[in-house]
Amino acid sequence: MGKRLFVGNLPYDVTEAMVKEPFSTCGKVISVRMIIDRESGRFKGFAFVEMSTDAEATAAITTCNNKEIAGRRMIVSEARPMGEKPAGGAPRPGGFGGPRPGGFGSPRPGGPGGFSRPGGGGGPAPSGPPAGFGAPSRDFGGRGRKPKAEWEKRRDERERSSAEEKKRGGGDEKRGGHQKIDFGDDDDGGDEEF
């Protein structure tokens, strides 16, 4: 066992003397190293305590682990070298290590890189629409068309009915088309067109 101990879960306003006090009851404390954040200059909430012998370090772990200091229970364990992983071999959650799905470097459904369009681009076209969507006219990354809003449906219906009326020749009076008006006082006796 090493003589160096890890002390965690410390309050941010704790001092070096406050950390040293409970360990000095177990033996001679050689050093207390409080870990400070480089960017903010604030205490990070953990420290390293070095004891003079292995027996004193073992006694300090049993005595000081879960002991309350300034309202928090500190965690005391043997300090591991920096390159060593936690017990169990599994990486801790979070951080930047390991493969992650998505992103720019991951393979795409249509092949490596580019959009997957029929007739060229990033590989073979998908065999069918993505699950949960209707068949889109073109595949832009697997997203189907959004359903139309009610106002869009009503607008399209009005445009369709207006186009049908114009084809049949009716509805000009309503829509502001040309009207023939007879004024009756003209010399030629004909109608004028407006």
Using the Cβ atoms and a cut-off under 14 Å, what net charge is assigned to the surroundings of Asn65, where Lys and Arg are +1 and Asp and Glu are -1? +1
Given a 1.4 Å probe and heavy atoms of the protein chains only, how would you sort Phe23, Phe43, Phe6, largest accessible area at the top? Phe6, Phe43, Phe23
Solvent exposure ordering (accessible area, 1.4 Å, most first) of Cys64, Cys26: Cys26, Cys64
Binned at 10 Å starting from 0, the alpha-carbon pair-distance distribution of the stretch 12-65 in whole percents comes out as 25, 50, 21, 4
Express in Å², to the nearest 10, the accessible area of Val29 obtained by rolling a 1.4 Å probe over the protein heavy atoms while all chains stay in place. 20 Å²
Can you give me the accessible area per residue for the stretch 35-86, using a 1.4 Å probe, in Å²? 66 Å²
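The values are calculated or read from the model by the stated rules, or taken from the named source; none is laboratory data. No experiment lies behind these values; they were computed from the predicted model shown. So basically every Cβ, Gly included, is an ideal-geometry build from the backbone, and we count neighbours across all protein chains shown. The area values use the complete protein model at the heavy-atom level, side chains included, leaving out ligands, DNA and RNA. Shrake-Rupley method; radii C 1.70, N 1.55, O 1.52, S 1.80 Å.
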